[in-house]
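**Student:** Next up is a structure, given as structure tokens.
The values are calculated or read from the model by the stated rules, or taken from the named source; none is laboratory data. Model, not experiment: these values are computed from the prediction. Neighbour counts run over all protein chains shown; Cβ positions are idealised from the backbone, glycine included.
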Amino acid sequence: MGVEPIRKTVRNEVSPEEWALRVDLAALYRLVALYGWDDLILTHISLRLPGDRPHFLINPFGVLFDEMTASALVKIDAEGNKIDPDTTDINYPGFILHGALHMAREDARCVLHLHTADGVAVASQEHGLLPASQHAMMQIHDIGYHDYEGVVVEMDERARLVRDLGDKYCMILRNHGTLTVGRNCAEAWLRMYFLERACAMQIRAMAGGAKINKAADEAVERTFGRAHIQLGGPFANKAWPGLLRKLDRIDPSYRN
């Protein structure tokens, strides 16, 4: 039996604050699909709910990202256990990675992880992301690197994930993919947008065969200094409402 992507609405069963966060997270899933960044039913985006108890929202396993709705999202605890046993199962190994970062940092309320072709390509290159484009320079010093240890199923890897992210907001998982964190869906999205664009630009530039132009170190530092803070606040706050309007024009069912 398949997974039913549209559950009955839970809007009247949760607080208005939780419902608004559910809508934002469902929108983020739809945006990932819209931009071609999804990987069938793999990868995850999770969001920590406010309150004293560590509760999180994550995707039900088997629902495509372009099917995601606010009501379909599953609420879990810090160990990945479902709060409502009647909801659809989740892909537990995926939350091993996410849960570690959520619990280690108060500002990692949204964790976004992808397996895009360009992101994995850069993650597979020894040098990682190069300051070859303005997009890359904007985040070049805000990227941690985590060596591949196989499919994330061991709890002891959590400590190494936390260590390798440190106080940064982006991470390249070697031979695996990309990851960003933010205080909300908008921040995690915008950081991922620039990271994924930078990866795509690097792969295209290298595929052209010509030598990559190296910008002056001073220019790289100036670009990073001016931009990386903006990505975590003003830029995200400006861009997010427009992205929601885009989704509403295409298919507003993520709000169900």
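**Student:** Kindly provide the set of residues from segment 196-218 that are assigned to a helix (DSSP H, G or I) and either modelled with pLDDT under 95 or loosely packed, with under 13 Cβ neighbours inside 10 Å (or both), ordered by number.
**Tutor:** Within segment 196-218, R204, A207, D217, E218 meet the criteria.
**Student:** Within the bounds of segment 160-169, is there any residue that is modelled with pLDDT of 95 or more, over 24 Å from L25 (Cβ atoms) and aromatic (F, W, Y)?
**Tutor:** no
**Student:** Continuing with this model, one more query. Being of a type in the set (F, W, Y), touching a Lys or Arg at 6+ places or on another chain (Cβ under 6 Å) and either in contact (Cβ under 8 Å) with a residue 60 or more places away in the chain or surrounded by fewer than 23 Cβ atoms within 10 Å (Cβ to Cβ) (or both) narrows it down to one of Y148, Y193, so name that one.
**Tutor:** Result of the check over Y148, Y193: Y148.
**Student:** Of all residues in segment 165-220, how many are out of contact with any strand residue (DSSP E or B) (no Cβ under 7 Å at 6 or more places or on another chain) and over 29 Å from L247 (Cβ atoms)?
**Tutor:** Qualifying residue count for the region: 18.
**Student:** Still on this model: What number of residues within segment 226-256 are surrounded by 13 or more Cβ atoms within 10 Å (Cβ to Cβ), in a helix (DSSP H, G or I) and small (G, A, S)?
**Tutor:** Residues that pass the stated criteria total 4.
**Student:** Against the definition (farther than 25 Å from E196 by Cα and either touching a helix residue (DSSP H, G or I) at 6+ places or on another chain (Cβ under 6 Å) or without any contact (Cβ under 8 Å) to a residue 24 or more places away in the chain (or both)), how does D52 come out, yes or no? Outline the logic, then answer.
**Tutor:** Details: farther than 25 Å from E196 by Cα: yes; either touching a helix residue (DSSP H, G or I) at 6+ places or on another chain (Cβ under 6 Å) or without any contact (Cβ under 8 Å) to a residue 24 or more places away in the chain (or both): yes.
When the stated conditions are applied, D52 passes them.
**Student:** N175 versus (1) closer than 19 Å to Y145 by Cβ; (2) assigned to a helix (DSSP H, G or I): which is the lone unmet condition?
**Tutor:** (2)
**Student:** Kindly provide the set of residues from segment 121-148 that are touching a His at 6+ places or on another chain (Cβ under 7 Å) and either of a type outside the set (G, A, S) or assigned to a loop (DSSP other than H, G, I, E, B) (or both), ordered by number.
**Tutor:** Of the residues in segment 121-148, the ones touching a His at 6+ places or on another chain (Cβ under 7 Å) are 123, 138-139, 142, 148.
Those that are touching a His at 6+ places or on another chain (Cβ under 7 Å) and either of a type outside the set (G, A, S) or assigned to a loop (DSSP other than H, G, I, E, B) (or both): M138, Q139, D142, Y148.
**Student:** Can you name the residue in segment 88-120 that is in a loop (DSSP other than H, G, I, E, B) and in contact (Cβ under 8 Å) with a residue 40 or more places away in the chain and is also farthest from A188 (Cα to Cα) among such residues?
**Tutor:** Of everything passing the filter in segment 88-120, T88 is farthest from A188 (Cα to Cα).
**Student:** Which residue, of A26, A78, A20, is farther than 20 Å from A236 by Cα, among the hydrophobic types (A, V, I, L, M, F, W, C) and either modelled with pLDDT under 95 or not in a loop (DSSP other than H, G, I, E, B) (or both)?
**Tutor:** Testing whether each residue is farther than 20 Å from A236 by Cα, among the hydrophobic types (A, V, I, L, M, F, W, C) and either modelled with pLDDT under 95 or not in a loop (DSSP other than H, G, I, E, B) (or both) leaves just A78.
**Student:** Something else now. Looking only at segment 59-79, decide whether some residue is without any contact (Cβ under 8 Å) to a residue 12 or more places away in the chain, exposed (fewer than 14 other Cβ atoms within 10 Å of the Cβ) and either among the hydrophobic types (A, V, I, L, M, F, W, C) or under 30 Å from K168 (Cβ atoms) (or both).
**Tutor:** no
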